[in-house]
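Structure below; questions to follow.
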Amino acid sequence: MVLQDRFGRKIDYLRISLTPKCNFKCFYCRPQGDCLPEDYPEPLDRREIEKIVKVASDLGITKIRLTGGEPLLKPDLIPIIRYMAAIPGISDISLTTNGFFLARKAAALKKAGLNRVNISLDSLNDERFRSITGGGRLSKIKAGIDAATREGLTPLKINMVVIKGINDDEITDFAALTRDRDIHIRYIEYMPLGDGHSQWQERYLSVKEIMDACGSLGTLEKVEKVKGNGPARYYRLAGHQGVLGFISPISEHFCRECNRFRVTSDGMLKACLFSGEEINLRETVNDEEALKLLFHQALEFKPSPLKPPYLAQNLCQGVRARGMVEIGG
Ligand code: SAM
Ligand code: SF4
């Protein structure tokens, strides 16, 4: 029984947060660093994750993304990937990372069965990068990008959250990276999530403005088919090898094409990033049939694609939406 909601959307993609921990403190994501309450639930262990993935695959999930927090901090990451890669129904395993530990782990990740990585990178300037991430070293990320490319963890995607007055003057520097390299640069609109959104209103920049900036480098040609394109709309600057992706969760939500569920690090199934509705999978993890029912129950929580995202409503009402680091970005 595949997963299809009442609006006809098929769910074949699962994002799993492996840990709420991270070695960075990006100011828009983890402004206070390790500030989760002491009684914050332990992350799912390897056995729990494997059971959830097995059931998800039986229900038609074919694509898995591992995220966090920082997924490369998960101790059992390699055996977890190996397990997933051995499930015949899983055709694509990807990982979103800040890239810090990637240079040393890329080869083992590839060998375990990881197909590709997305690397989050918000500045190409050492000092600024350190400031955004609360101490990160840009040289380590560059080494991670090179290692991932070498190992064939491709197409390699670089995700930049564009933040007005912080890094919007680098939009074209990132776009220029596609001139000679077959990489994807993906610009993401800043979202008011978690504790990092006090400055959101003055720092938000729309995809329209980001595209205008990219257009100053040349003609943007639409690209229709890109592997694992998700919610991004893709373009290529004329004559460039790589592509530019634009992700607009705020200015133009992509709910109509939504094909995903998320599992938080503490084992809550979420049907929508912006909804507070969550279903506890952990309590039922040893019972395959009961787990399947929970996945089907979650379909009811997929909001109408025609309604505005909950995010905007939360913001208006001053409600705190769980941060990306908790949900798994
Ligand atoms: N630590 C990994 C990383 O940074 O790639 C994975 C987790 S991180 C939460 C996943 C993505 O969420 C990153 O690309 C990050 O930039 C993005 N993100 C976090 N908070 C965000 C926000 N408020 N608005 C937009 N993107 C956000
Ligand atoms: Fe860590 Fe990723 Fe959040 Fe930055 S965006 S603090 S790297 S989880």
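The values are calculated or read from the model by the stated rules, or taken from the named source; none is laboratory data. Since we're looking at a predicted model, the values are computed, not measured. Note: ideal-geometry Cβ built from the backbone for every residue, glycine included; neighbour counts use all protein chains shown. Surface areas here come from the heavy atoms of the whole protein model, side chains and all, with no ligands, DNA or RNA. Shrake-Rupley method; radii C 1.70, N 1.55, O 1.52, S 1.80 Å.
Report, by residue number, each residue of segment 45-74 that is part of a loop (DSSP other than H, G, I, E, B), away from ligand 1 (no atom under 16 Å from the Cβ) and buried (at least 17 other Cβ atoms within 10 Å of the Cβ).
Of the residues in segment 45-74, the ones part of a loop (DSSP other than H, G, I, E, B) are 45, 59-62, 68-70, 74.
The next check asks that each one be away from ligand 1 (no atom under 16 Å from the Cβ); those that pass are 45, 59-62.
Across segment 45-74, the qualifying residues are LEU59, ILE61.
Going through segment 269-294 one residue at a time, which ones are open to solvent by less than 20 Å² (accessible area, probe 1.4 Å) and either among the charged types (D, E, K, R) or touching a strand residue (DSSP E or B) at 6+ places or on another chain (Cβ under 7 Å) (or both)? Break it down into steps so the answer makes sense when it comes.
Let us first name the residues in segment 269-294 that are open to solvent by less than 20 Å² (accessible area, probe 1.4 Å), namely 269-271, 275, 279, 281, 285, 291.
Scanning segment 269-294 gives LEU269, LYS270, ALA271, ILE279, LEU281.
Output the number of the condition that LYS111 fails; it satisfies all remaining conditions of (1) surrounded by fewer than 16 Cβ atoms within 10 Å (Cβ to Cβ); (2) of a type in the set (D, E, K, R); (3) touching a Leu at 6+ places or on another chain (Cβ under 9 Å).
(3)
Check whether at least one residue in segment 276-283 is in contact (Cβ under 8 Å) with a residue 60 or more places away in the chain, farther than 30 Å from THR154 by Cβ and assigned to a loop (DSSP other than H, G, I, E, B), and report yes or no.
The initial filter retains those residues of segment 276-283 that are in contact (Cβ under 8 Å) with a residue 60 or more places away in the chain, namely 281-282.
The next check asks that each one be farther than 30 Å from THR154 by Cβ; those that pass are 281-282.
Of the ones still in play, those that are also assigned to a loop (DSSP other than H, G, I, E, B) are 281.
Within segment 276-283, one or more residues are in contact (Cβ under 8 Å) with a residue 60 or more places away in the chain, farther than 30 Å from THR154 by Cβ and assigned to a loop (DSSP other than H, G, I, E, B).
Scan segment 1-20 for residues that are closer than 23 Å to LEU73 by Cβ and in contact with a Gly (Cβ under 6 Å, 6 or more places away or on another chain) and report the count.
So the count comes out to 5.
Let me ask another. So, SER304, is that one of a type in the set (Ser, Thr, Tyr) and surrounded by fewer than 20 Cβ atoms within 10 Å (Cβ to Cβ) or not? Full working, then the answer.
Numbers: of a type in the set (Ser, Thr, Tyr): yes; surrounded by fewer than 20 Cβ atoms within 10 Å (Cβ to Cβ): yes.
Yes.
Just give me the residues in segment 224-246 being closer than 19 Å to LYS157 by Cβ, modelled with pLDDT of 95 or more and not polar (S, T, N, Q), in sequence order. Write out each step before concluding.
First, the residues of segment 224-246 that are closer than 19 Å to LYS157 by Cβ: 224-237, 240-246.
Still in the list and also modelled with pLDDT of 95 or more: 234-237, 240-246.
Scanning segment 224-246 gives TYR234, TYR235, ARG236, LEU237, HIS240, GLY242, VAL243, LEU244, GLY245, PHE246.
Suppose we filter PHE274, PHE261, PHE174 for residues that are within 16 Å of ligand 1 (Cβ to nearest atom) and at pLDDT 90 or above; which single one remains?
Working: PHE274 fails: at pLDDT 90 or above; PHE261 fails: within 16 Å of ligand 1 (Cβ to nearest atom).
So the residue among PHE274, PHE261, PHE174 that is within 16 Å of ligand 1 (Cβ to nearest atom) and at pLDDT 90 or above is PHE174.
Quick one: is SER139 within 14 Å of the chain's Cα centre (by Cα) and open to solvent by 20 Å² or more (accessible area, probe 1.4 Å)? Give the derivation first.
Values: within 14 Å of the chain's Cα centre (by Cα): no; open to solvent by 20 Å² or more (accessible area, probe 1.4 Å): yes.
Here the answer is no, as SER139 does not meet what is asked.
Any residue in segment 45-69 that's closer than 17 Å to ASP92 by Cα and more than 16 Å from ligand 2 (Cβ to nearest atom): show its pairings with residues that are in a strand (DSSP E or B) and at pLDDT 95 or above at Cβ separation under 6 Å, as long as the two are six or more apart or on different chains.
ALA56/LEU14; ILE61/LEU14; LYS63/TYR13; LYS63/ASP92; ILE64/LEU14; ILE64/ILE93
Looking at the structure I just gave you, is ILE16 more than 10 Å from ligand 1 (Cβ to nearest atom), assigned to a loop (DSSP other than H, G, I, E, B) and closer than 23 Å to PRO231 by Cβ?
On the way: more than 10 Å from ligand 1 (Cβ to nearest atom): yes; assigned to a loop (DSSP other than H, G, I, E, B): no; closer than 23 Å to PRO231 by Cβ: yes.
Criteria not met by ILE16.
Can you tell me which residues in segment 171-208 are open to solvent by 20 Å² or more (accessible area, probe 1.4 Å), farther than 14 Å from TYR235 by Cα, charged (D, E, K, R) and touching a residue at least 40 places away in the same chain (Cβ under 8 Å)?
Matches in segment 171-208: ASP173, ASP180, ARG181, ASP195, ARG203.
Do we have ASP34 as within 11 Å of ligand 2 (Cβ to nearest atom) and open to solvent by 40 Å² or more (accessible area, probe 1.4 Å) here? It would help to see each step written out before you state the result.
Values: within 11 Å of ligand 2 (Cβ to nearest atom): yes; open to solvent by 40 Å² or more (accessible area, probe 1.4 Å): yes.
So ASP34 passes the test.
Could you say which residue among GLY8, GLY69 is in contact with a Pro (Cβ under 6 Å, 6 or more places away or on another chain) and not acidic (Asp, Glu)?
Values: GLY8 fails: in contact with a Pro (Cβ under 6 Å, 6 or more places away or on another chain).
Matching residue, one of GLY8, GLY69: GLY69.
For segment 134-227, give me every one of the helices (runs of 4 or more DSSP H) that falls completely inside it and has 2 or more residues that are among the acidic types (Asp, Glu) and under 18 Å from VAL117 (Cβ atoms). Before you say what the answer is, go through the steps one by one.
On the way: elements: 138-151, 171-176, 200-203, 207-215.
In segment 134-227, 138-151 are the helices (runs of 4 or more DSSP H) which contain 2 or more residues that are among the acidic types (Asp, Glu) and under 18 Å from VAL117 (Cβ atoms).
Right, here's the next one. Counting only residues that are over 23 Å from VAL226 (Cβ atoms) and either in a helix (DSSP H, G or I) or within 13 Å of ligand 1 (Cβ to nearest atom) (or both), how many does segment 85-97 have?
0
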